[in-house]
Amino acid sequence: MGINGKTVSLGVVGCPVEHSLSPLLHNTMANLTGLDYTYCAYRVEKGEMENALIGMKALNIRGLNVTIPHKTEAFRLADEVDGAAKRMGACNTLVNENGKIKGYNTDGEGFIRSLKREGVDVKGKICVIIGAGGAAMGVAMALAESGAKEIEIKNRTADKADALCGRINKYYPKKAKRVEDVYDADILINATSVGMNSDLSPIDDMRVFKRLKKSAVAADIVYCPRNTMFLKMAGSVGLKCVGGIGMLIYQAVAAFERFTGKRVDETIVDALYAMTAMKKNIVLTGFMGTGKSAVGREIAARVGMRFIDTDDCIEREHGKITDIFKEKGEKYFRDIESETIKRAAKEQGAVISLGGGAVLQKENIDILRQNGFVVRLKADIDRVYKNIGDNTDSRPLLSGKTKDEAAKLLEEREPFYQNCDAAIDVTDAEKEESAGAILDMYYEHCLGEALE
Ligand code: NAP
């Protein structure tokens, strides 16, 4: 649906906000429901929330999600708040009802709905939360509200755990207590930021997972990477695992429902899950010096995917590529390159950067496309030389060539890229910009497959 004069505006305010997944989730929901809404990210600096809300009213923006650092300020500024927001003292959703701002907090609801989707009912359960920050509070209040039997809080800073328990017990008497360690839990939750873009777990002792009952569930609210170390450790002893992407999706779903007054169908939620699953690899191909590795690393870091550079893999196993070319010839190199690519193609949810000539063998791209979204990075020869600098000697096929000869080689390669899923011109783009654009295409591609 195109944007027109009647399209209703929504958005997210935060600082930083540029990497937020909310625009993707909300605009997809608007498209799939056929509702005439559009959703943007607005960078609002600290201390500017009051002005932002004046703007929201003046521009008749229907709804805003609120993220770091404005959630408590949004609570203070809202004209009216619901129970969940009041218990937390923070709003993540603001709805403009004819100039009156109503505040909600959908984080906890998102968590509970993500558990429900996996068949996990919290009623009567002993829930242990690691962490005592803002997200832990949302999770804890929602667990109490949904009938959890007992809530235990374990946190690095004991004072913060005590403060959170105090707040929970104010609304749900005797429900929460601070603990030093985890012994018994029906549901064990990581609500710390440990594991975000790293392979750390807030519990690094396997014995903790081993002593839990077999029916226990481990839930992480960290969603980047999707399969965190905490979940890997829990999964290794057979515990059921629930990842943080579900909470992210359902808090957005719950907010969208507040904005539009319409329930979002579970088939649409299924599509959001498939779109953000990142099971498919992202494969970057293109001429030497188009910045495949730099862009690939940027994508991997941004969304917590594993990064594989096939040239690096070859050099680790077989020595320097320039030496392989010199001593054994190009054919020998292409054969080991194909073997390396075959192995990389078996990965799930990795970013794979290929050597410039990998595209010459059609089988390489065919096998990568079986579980990968293959994107060609395109740049003119000046950008290629700018990226490579004077270092043409490390590129056997450019060594000793003039720029015109290199441009000819680039032209000759053109037909080989026809087999890719998508192409992006990176001639004038910074790596951050290219990474964002590739991720947008990737999500759209995964959504398309989910809806097939
Ligand atoms: P926060 O308010 O800053 O709280 C961070 C928590 O993590 C605190 O309990 C802190 O302990 C703990 N922590 C941080 N580093 C630690 C370390 N090295 N060792 C042990 N504990 C550590 O952050 P938040 O807003 O609660 O967010 C926490 C995480 O949840 C973030 O990664 C965020 O992205 C994620 N999140 C996910 C969703 C979702 O929808 N899935 C929603 C909200 C947040 P101390 O008190 O000792 O500092």
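The values are calculated or read from the model by the stated rules, or taken from the named source; none is laboratory data. Quick caveat: nothing in here was measured; it's all calculated off a predicted structure. Heads up, the Cβs are rebuilt from the backbone with ideal geometry, glycines too, and the neighbour counts pull from every protein chain shown.
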- request: Determine if region 174-186 includes at least one residue that is away from the ligand (no atom under 14 Å from the Cβ) and under 20 Å from LYS71 (Cβ atoms).
  value: no
- prompt: What is the number of the single condition among (1) farther than 30 Å from THR33 by Cβ; (2) modelled with pLDDT of 95 or more; (3) more than 19 Å from the chain's Cα centre (by Cα) that ARG297 does not meet?
  reply: (3)
- line: Among the residues of region 147-160, the number that are closer than 30 Å to ASP265 by Cβ and either within 13 Å of the ligand (Cβ to nearest atom) or touching a helix residue (DSSP H, G or I) at 6+ places or on another chain (Cβ under 9 Å) (or both) is 1
statement: Over region 420-435, the set of residues part of a helix (DSSP H, G or I) and touching a residue at least 60 places away in the same chain (Cβ under 8 Å) is LYS431, GLU432, SER434, ALA435
query: buried (at least 19 other Cβ atoms within 10 Å of the Cβ), among the hydrophobic types (A, V, I, L, M, F, W, C), more than 16 Å from the ligand (Cβ to nearest atom) and closer than 18 Å to ILE168 by Cβ, is that true of VAL122?
result: yes
task: Scan ARG258, ARG263 and give me the residue that is in contact (Cβ under 8 Å) with a residue 40 or more places away in the chain, under 21 Å from SER146 (Cα atoms) and not polar (S, T, N, Q).
output: ARG258
Checklist (1) of a type in the set (D, E, K, R); (2) modelled with pLDDT under 95; (3) in contact with a strand residue (DSSP E or B) (Cβ under 9 Å, 6 or more places away or on another chain) applied to ASP220, failing item: (2)
task: Scan VAL269, VAL194 and give me the residue that is within 12 Å of the ligand (Cβ to nearest atom), surrounded by 15 or more Cβ atoms within 10 Å (Cβ to Cβ) and hydrophobic (A, V, I, L, M, F, W, C).
output: VAL194
message: So, THR72, is that one closer than 20 Å to SER22 by Cα and buried (at least 24 other Cβ atoms within 10 Å of the Cβ) or not?
response: no
query: What tally of residues in region 106-119 results from selecting those that are out of contact with any Lys or Arg (no Cβ under 8 Å at 6 or more places or on another chain), within 14 Å of the ligand (Cβ to nearest atom) and of a type outside the set (A, V, I, L, M)?
result: 8
- prompt: What is the one condition in (1) crowded, with 24+ Cβ neighbours inside 10 Å; (2) within 11 Å of the ligand (Cβ to nearest atom) that ILE203 does not satisfy?
  reply: (1)
- line: Note: among PHE111, PHE75, just one is aromatic (Phe, Trp, Tyr), at pLDDT 95 or above and within 28 Å of TYR442 (Cα to Cα), namely PHE111
- request: Identify all residues within region 350-373 that are surrounded by fewer than 19 Cβ atoms within 10 Å (Cβ to Cβ) and not in a helix (DSSP H, G or I); write none if there are none.
  value: GLN361, ASN371
message: Going through ALA144, ALA163, ALA135, ALA140 one at a time, which residue ends up being in a helix (DSSP H, G or I), within 9 Å of the ligand (Cβ to nearest atom) and among the hydrophobic types (A, V, I, L, M, F, W, C)?
response: ALA135
